[in-house]
1. What helices does the chain hold that run 15 Å or longer along their axis, going by alpha-carbon atoms, with a Kyte-Doolittle average of 0.0 or more, using DSSP H for the helix calls?
2. Keeping all protein chains in the complex and leaving out DNA, RNA and ligands, what accessible area do you get for Tyr127 with a 1.4 Å probe, in Å² to the nearest 10?
3. Give me the Kirkwood hydrodynamic radius of the range 30-300 in Å, from all C-alpha pairs, to one decimal place?
4. In percent, how large is the relative contact order of the chain, given Cα pairs closer than 8 Å and 6 or more residues apart?
5. For the chain, what does -39500 (n - 2.57) per DSSP helix run (n ≥ 4), summed and divided by total residues, give at 222 nm, in deg cm²/dmol to the nearest 500?
6. Ignoring ligands and nucleic acids, what accessible area does Lys116 show with a 1.4 Å probe (Å², nearest 10)?
7. Binned at 5 Å from 0, what are the whole-percent values of the Cα-Cα distance distribution for the range 215-304, short to long?
Amino acid sequence: MASQRRRSSATAVLLSLLLLLQLAAAYPQGKRQNVAVFWGRNKAEGSLRQTCDTGDYNIVIISFLSVFGHGKYWLDLSGHDLRDVGADIRHCQSKGVYMLLSIGGDGYQYSLPSSKSAADVAENLYYSVLGGDRPGAFHPFGDDTIVNGVDFFIDNGPADHYDDLANRINDYNQNIRDPIGIMLTATVRCSYPDPRMKAALDTKLFRRIHVRFYDDPSCSYNHAGLAGVMAQWNKWSATYPDGQIFLGVVAANLTGKNDMVAVGELRDKLLPAVQNTDTYGGVMLWNSYYDSLTHYGRYVKDLA
């Protein structure tokens, strides 16, 4: 069993190195278009493999690990069969797509009551999905499948100890052999600052920040206009100048909030404004189900 685990760990490392080479080949320097999408919010969106095969995204965020922090863990993938996800992750990575696991979401069954709980969650993530090698560890996506990083989508509960969690996950990078390591990203509300993520983001360990310019009339384009968006974008950019800021937009109007930005407005006004800043990193779409209905991502990938 131990030798089998070692082989699994070695395979995971090789997968990471292979992914790095594929990404470099697929996206030459200066020409990469970053479009991230959340997957796992509706079974009708299609499989993870189908999402990657559209060619519209180079980052897919699996959502959500919705229970953690109290000794229990649960992946809520909206009815998708977990047995298929591991093979699909490897397929996506073979196409040069970054695969992240998002923790949190809109539920209320997660929090970090102590630094010890943060350490426990980091340990669980490392050994379950980030390539750690420990006998008896449960690998929800299979022994030979790892994700490339963790996204913090902390939308409910106390703000405590997410900085501890970020530091603990980052500590495991000393065990990762590829130069990219474990990527940490955050998905935050557009109004700066997001109080639940402020301390974590101030660790400066997050390479990408997906700012949700929707669900908030004070900073969504259709309600606050370009000036309202840029007022918050500039605050995020000034505070985290070394990170990549992603413009978070919805791919459909299904909630009655009229937050979907028309393609013409995105092309002619919104994207040119954010792309003119040094911190622009790409576009984040919420979510793959919405996009399967509107195909918004087909337009976004040519503009991002």
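1. 2-26
2. Per-residue accessible area (Tyr127): approximately 50 Å².
3. Hydrodynamic radius (Kirkwood, Cα only) of the range 30-300 equals 18.7 Å.
4. Normalised by residue count, the contact order of the chain is 19 percent.
5. For the chain, the value works out to -11000 deg cm²/dmol.
6. Result for Lys116: roughly 130 Å² accessible.
7. 3, 14, 26, 26, 20, 9, 2, 0
The values are calculated or read from the model by the stated rules, or taken from the named source; none is laboratory data. The structure displayed is predicted, hence computed values, not measured ones. All accessible areas refer to the heavy atoms of the entire protein, side chains included, with ligands and DNA or RNA removed. Shrake-Rupley method; radii C 1.70, N 1.55, O 1.52, S 1.80 Å.
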